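Okay, structure first, notes after.
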């Protein structure tokens with residue numbers, strides 16, 4: 001017969017409240033602590049770099065570009081210049097040109113004229129201080145020239161590693177692709193920290209000091225326009241372009257995304273982008289879309305113009321056109 | 001010049017005369033010297049032997065901004081010694097902005113002696129066919145499509161100029177109008193800045209932009225562009241899913257003894 005009263009919690013002795021420390025529990029606890037400790041150390045890594053001097057407290061606690069006051073930005077740019085000189089041997093001049101009123105950039109490329117020489121891709125490397133393994137390395141170039149089979153626009157059968165003896169090849173045509181600075185850019189929508197945004201004059205820009213390197217924007221871009229610095233950028237001193245812009249071509253740190261900015265540091269001064277200046281056939285046209293006298297307005301009015309991946313709805317600012 | 005205070009009047013007059021005559025002599029010597037230098041300078045300009053070599057002669061570009069009918073912009077060759085050139089072409093030493101073609105001007109250079117086309121063509125009757133009986137101009141092969149006659153472009157009476165539809169002359173400074181006779185839509189595009197390349201500033205309020213003329217890219221006797229070797233391709237990813245042979249037109253796997261992606265050895269293709 002049960003003498004016990006309806007269910008009562010038996011008194012818990014000390015042994016049940018605190019289970020004895022046997023080997024199994026010890027190892028479990030130790031493993032969990034190790035993992036926790038590793039997590040804490042990883043989270044505190046920026047502080048370790050701070051101790052070593054790899055990053056300054058200012059830079060660590062820097063605000064988003066849109067919240068920086070002019071004197072703060074000035075100080076940041078001067079610090080960046082000094083750091084560039086320390087790390088790469090060249091003291092650049094970093095400036096921050098603002099968007100002008102009444103200016104909206106657009107770019108057009110004449111498919112009939114491009115011969116696939118890749119001068120634009122190499123000029124992009126010369127202008128924008130991307131990381132490179134050798135002087136000829138264009139893997140980080142923002143421009144990728146696709147060799148397409150004539151007859152249709154089939155991106156899947158395109159090839160950008162082409163290297164024949166001469167170009168253009170008879171049965172191919174060439175289509176360089178770079179960031180289209182889309183009006184409905186998917187990359188700016190998905191950035192979790194808003195490190196990339198659309199500027200009023202059309203360019204999509206990145207605050208490299210705010211980017212956390214998650215690469216979500218790279219997944220979102222339909223044109224594969226963005227490049228990531230998987231390691232510290234390697235730029236030899238003779239290849240550094242000292243005319244730099246804060247939002248465009250300054251040398252990036254490790255772990256941030258970069259992309260074509262239509263050479264903001266040049267175009268906001270009123271110059272042409274580097275890729276246009278070197279094209280031997282004059283296939284590229286750039287200008288202010290809001291100016292009815294500009295070349296780009298002429299093209300949109302008079303030529304057969306198309307855009308890539310229209311069905312995705314990005315409404316890009318980069319147009320391709322034919323003459324005939 | 002010290003004149004003795006106690007000198008006589010005569011001595012003073014003679015001293016004054018001496019001063020004046022010495023000064024006159026110095027001034028006239030200077031004048032003769034300057035004139036002599038000037039003459040010598042002229043002679044140097046005329047004598048082509050003293051001039052720098054014709055091939056590297058550079059031309060001050062006329063910058064075209066706004067109306068392109070003002071003239072051609074002829075960018076200088078890419079050299080370290082540029083002087084009065086547009087700011088835009090002078091900046092950016094890291095960018096290769098060389099126009100595709102160097103123009104040979106109308107002045108012919110033979111044994112470094114500059115002469116005028118009309119010096120020969122005054123004496124020689126113009127012919128419509130282009131089997132040139134004489135030795136001159138044999139290196140020019142006219143390969144301009146349907147345009148098969150020299151005198152379609154060159155003026156029959158004045159070889160320093162070109163010919164218009166009604167027989168009038170088109171001067172060299174306006175040679176784009178010659179091409180516009182047949183290539184009207186292209187000329188229209190060129191005037192709008194869409195055909196051919198512009199350099200410099202898209203914002204003409206802030207700087208100048210230059211434009212290339214027709215013959216700076218197109219050889220007028222053989223206008224179709226020759227195929228050129230492309231610059232280096234991107235490196236093929238080392239851990240790609242498939243080997244480069246599947247890219248049909250790439251020749252990076254066909255190079256023996258090392259290819260553009262750094263694989264050394266003829267048979268190691270696509271191997272990471």
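Bear in mind that the values in this text are calculations on the coordinates, not laboratory data. These numbers were taken from a predicted model, which means no experiment stands behind them. Cβ: placed from backbone, ideal geometry, glycine included. Neighbour counts: every protein chain shown.
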Checklist outcome for this item: Candidates A:56, A:25, A:196; GNM for chain A (alpha-carbon contacts under 10 Å) flags as most fluctuating A:25
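Summing -39500 (n - 2.57) over the DSSP H runs of n ≥ 4 in chain A and dividing by its residue number, what mean residue ellipticity at 222 nm do you reach, to the nearest 500 deg cm²/dmol?
-8000 deg cm²/dmol
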Checklist entry - Between residue A:93 and residue A:66, what is the label-to-label distance in nm when each label sits 7 Å out along the Cα-to-Cβ direction? => result 3.1 nm
Item to check | Rounded D (µm²/s) - the stretch A:149-222, Kirkwood Rh over Cα pairs, Stokes-Einstein at 25 °C, 0.890 mPa s | outcome: 164 µm²/s
Checklist entry - What average count of beta carbons from other chains do you get within 10 Å of the Cβ of residues in A:130-137? => result 2
Checklist entry - Among A:123, A:42, A:225, which one moves the most in a GNM of chain A with springs linking Cα atoms closer than 10 Å? => result A:42
Next on the checklist: Let me confirm one metric for peptide A:290-297, namely the mean number of other chain beta-carbon atoms within 10 Å of its residues' beta-carbons.
Outcome noted: 3
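How much FRET efficiency would the formula 1/(1 + (r/R0)^6) give for residue A:42 and residue A:301, where r is the Cβ-Cβ distance and R0 is 56 Å, rounded to 0.05? List each step's numbers first, then the result.
Values: r = 56 Å, r/R0 = 1.00.
Rounded to the nearest 0.05, the efficiency is 0.50.
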Next on the checklist: Just to be sure I follow: if Rg is taken over the C-alpha atoms of chain A and Rh is the Kirkwood radius over the same atoms, what is Rg/Rh?
Outcome noted: 1.18
Item to check | Antiparallel content of DSSP bridges confined to chain A, in %, to 5 | outcome: 75 percent
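Using Cβ contacts closer than 10 Å as the measure, can you line up A:72, A:277, A:310 from fewest to most?
Ranked by crowding around the Cβ, least crowded first: A:310, A:72, A:277.
Share of Cα-Cα pairs in the stretch A:26-143 beyond 26 Å, in percent?
Percent of Cα pairs beyond 26 Å in the stretch A:26-143: 53.
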Checklist entry - In the Gaussian network model of chain A, springs joining C-alpha atoms below 10 Å, which of A:38, A:93, A:108 carries the largest mean-square fluctuation? => result A:38
Checklist entry - Taking 0.36 nm per intervening residue step and subtracting the Cα-Cα distance, what contour gain separates residue B:141 from residue B:182 on full extension? => result 12.8 nm
Next on the checklist: Whole percent per 10 Å bin, from 0 to the bin with the longest distance: what is P(r) over all C-alpha pairs of the stretch A:188-323?
Outcome noted: 10, 36, 36, 17, 2
Checklist entry - Full extension from residue A:149 to residue A:291: what is 0.36 nm times the residue separation minus their Cα-Cα distance, to one decimal in nm? => result 47.6 nm
Checklist entry - R0 = 25 Å: FRET efficiency of residue A:57 with residue A:189, Cβ-based, nearest 0.05? => result 0.20
Item to check | Computed over the stretch A:83-236, Kirkwood Rh from alpha-carbon pairs, angstrom | outcome: 17.7 Å
Checklist entry - Which order do B:24, A:247, A:73 fall in if you start with the one that has the fewest other Cβ atoms within 10 Å? => result B:24, A:73, A:247
Checklist entry - For the residue pair residue B:151 and residue A:220, what label-to-label distance in nm results when each label sits 7 Å from Cα along the Cα-to-beta-carbon direction? => result 6.9 nm
Checklist entry - If you count, for every residue in A:138-148, the Cβ atoms of partner chains within 10 Å of its Cβ, what is the mean? => result 2
Next on the checklist: How would A:160, B:94, A:238 line up from fewest to most surrounding beta-carbon atoms within 10 angstrom?
Outcome noted: A:238, B:94, A:160
Item to check | Calculated SAXS-style log₁₀ I(q)/I(0) at q = 0.13, 0.14, 0.15, 0.17 Å⁻¹ - the stretch B:131-235, Debye, Cα scatterers | outcome: -0.64, -0.72, -0.80, -0.96
